[in-house]
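For reference, the structure discussed in these notes is given below.
The values are calculated or read from the model by the stated rules, or taken from the named source; none is laboratory data. Remember, it's a predicted structure, so these values are computed and weren't measured experimentally. Here the Cβ is made from the backbone with ideal geometry for all residues, glycine too, and neighbour counts use every protein chain on show. In case anyone asks, the SASA skips ligands and DNA or RNA and just uses the protein heavy atoms, side chains included. Shrake-Rupley method; radii C 1.70, N 1.55, O 1.52, S 1.80 Å.
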Amino acid sequence: MMLGNQPALSRYLLPIIQQFSPGFLPGHFRARVSGKYWATADMLQLTFRVSKRWQGFFPGQHVLLTLRHNGRYISRPFSICSTLADWQSTRSIALCCKVTSGAEFTPLLNQLQNETVVNISAAQGDFHWQQPALPALFIAAGSGITPIASMLLSQRHWLAPVSLYYRYRGSENAALLVQLKQLASRQPLFTLTLSDSRVEPAADMTNALLPQAKDKQIYLCGPAGFMQQIQQRLTEAGVALCTIHKEQFGPALPAIPCETITGDADESARQTTFIRAGSPHQVAASTQHSLLHAAEQHGLTPSFGCRMGVCFQCVCDKVSGQVRDIRTGALSGNGAEQIQLCISQPVTELVIKL
């Protein structure tokens, strides 16, 4: 039954196609490594020349980067940190990737050599500068600077005052700081405020930015705890939740009008009950990762193969609840049906039979 839901014939014929075109993945685009360097001690900046079929991006969006490792494909989202001008002039993009020692994926990135071919997705997400004509406040911490820097450094026509509060741990760990300082020196409508966590308490930075937040569009990106804390302080100060834009890895979601927003806005996880051999296992499944990832993070070992929706080895029965297809953003029904764990993200509370 699940085979009938495949969006393209190429997914059925993938093993045959790859005999003639190694590395081909349906729904993905070829990208060739053209350079890399360490932007900070733990952040690697990779530049790619991208296939002519790739349709471009809005500054602030991200892509899924897919590598083949130990006989299977693995993917991770990374924000595009280069400018729109770079893409338009050279058909190149750069990804700023924080490398975590001991992780499965990111240590592989430094092993990529020039001219290595990888696969990327179409640009995803709705985290981009939506109304440049209005005053805006940007708030970034750590690697959260990457999509925000892309937005700011891509802007050609400045129509309203813009402020950036950039928090980092030591200037040596502040990616893209040189470029942002150069922008501040030549653009009078742009104000850059730096906050070093080694010397300035978080509360001091928050207190400084709160007076700047009134009647502005706010763009917030950084570690989850940082974003949650800042959002809470902003809403307590009377900032409308609908004016706060945050990075959300995955397909773009429709904006919610201000008047419809009520209650707690923290939607980073959904209660999910995995039933295995008749025994229920309740977990908090992140809305930013696949259900396969959630199950594995909690010690469950569901069957899997390609991890990208091609081989159907992770098909299981959803008893209730709604999921989103990572590839297309399409929503499932709320009742019983079969789903693929590797390309499904939780939208509501779920019950799933493994």
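Tally Lys/Arg at +1 and Asp/Glu at -1 over every other residue whose Cβ is under 11 Å from the Cβ of residue 243; what's the total?
Result for the neighbourhood of residue 243: +1.
List every residue whose amide H lies under 5 Å from the amide H of residue 320, counting only residues 5 or more places away in sequence or on a different chain, with H placed 1.01 Å from N in the peptide plane.
351
Could you grab the relative contact order for region 20-167? Cα pairs under 8 Å, six or more apart, rounded to a whole percent.
Once normalised by length, the contact order is 29 percent.
Checking the a/c ratio against 1.5 first, then a/b against b/c, what shape does the Cα gyration tensor give for region 109-156?
prolate
Ignoring any ligand, DNA or RNA, what whole percent of the accessible area of the chain comes from carbon and sulfur when the probe is 1.4 angstrom?
Roughly 52 percent of what the probe reaches on the chain is carbon or sulfur.
Once label points are set 7 Å from the Cα along Cα→Cβ at both residue 315 and residue 42, what is their separation, rounded to one decimal in nm?
For residue 315 paired with residue 42, the spin-label model returns 4.1 nm.
Among 68-76, 220-228, how do they line up by average Cβ neighbours within 10 Å per residue, starting with the highest?
Per-residue Cβ counts within 10 Å, averaged per peptide and sorted highest first, yield 220-228, 68-76.
Among (i) 154; (ii) 187; (iii) 131, which is the computed volume of the Cα convex hull per residue in Å³?
(i)
Give me the net charge for the shell around residue 350: Cβ to Cβ below 9 angstrom, other residues only, Lys and Arg +1, Asp and Glu -1.
+1
Taking 0.36 nm per intervening residue step and subtracting the Cα-Cα distance, what contour gain separates residue 297 from residue 200 on full extension?
Full-extension gain reported as 31.5 nm.
For the chain, what does -39500 (n - 2.57) per DSSP helix run (n ≥ 4), summed and divided by total residues, give at 222 nm, in deg cm²/dmol to the nearest 500?
-5000 deg cm²/dmol
Please give, to one decimal in nm, the separation of the simple spin-label points placed at residue 284 and residue 178, each 7 Å out from Cα toward the Cβ.
Output for this residue pair reads 4.1 nm.
So if each residue of separation counts as 0.36 nm, and I subtract the Cα-Cα distance between residue 185 and residue 89, what length gain in nm does that give?
This chain segment gains 32.1 nm when fully extended.
Kindly rank 77-83, 120-126 from highest to lowest mean number of other beta carbons found within 10 Å of each residue.
Packing order, densest peptide first, comes out as 77-83, 120-126.
In square angstrom, what is the accessible area per residue of the chain with a 1.4 angstrom probe?
48
Taking 31 Å as the cut-off for C-alpha to C-alpha distance, list the pairs among 36/246; 36/181; 52/216; 52/353; 52/98; 52/214 that go past it.
Flagged as over cut-off: 52/216; 52/353; 52/214.
Counting other Cβ atoms within 10 Å, which trypsin sites (Lys or Arg not before Pro) in region 107-208 have at most 10 and lie in a DSSP loop?
Sites meeting the loop and neighbour criteria: 156, 198.
Show me 47-56, 281-290 ranked by packing, highest mean number of other Cβ atoms within 10 Å first.
281-290, 47-56
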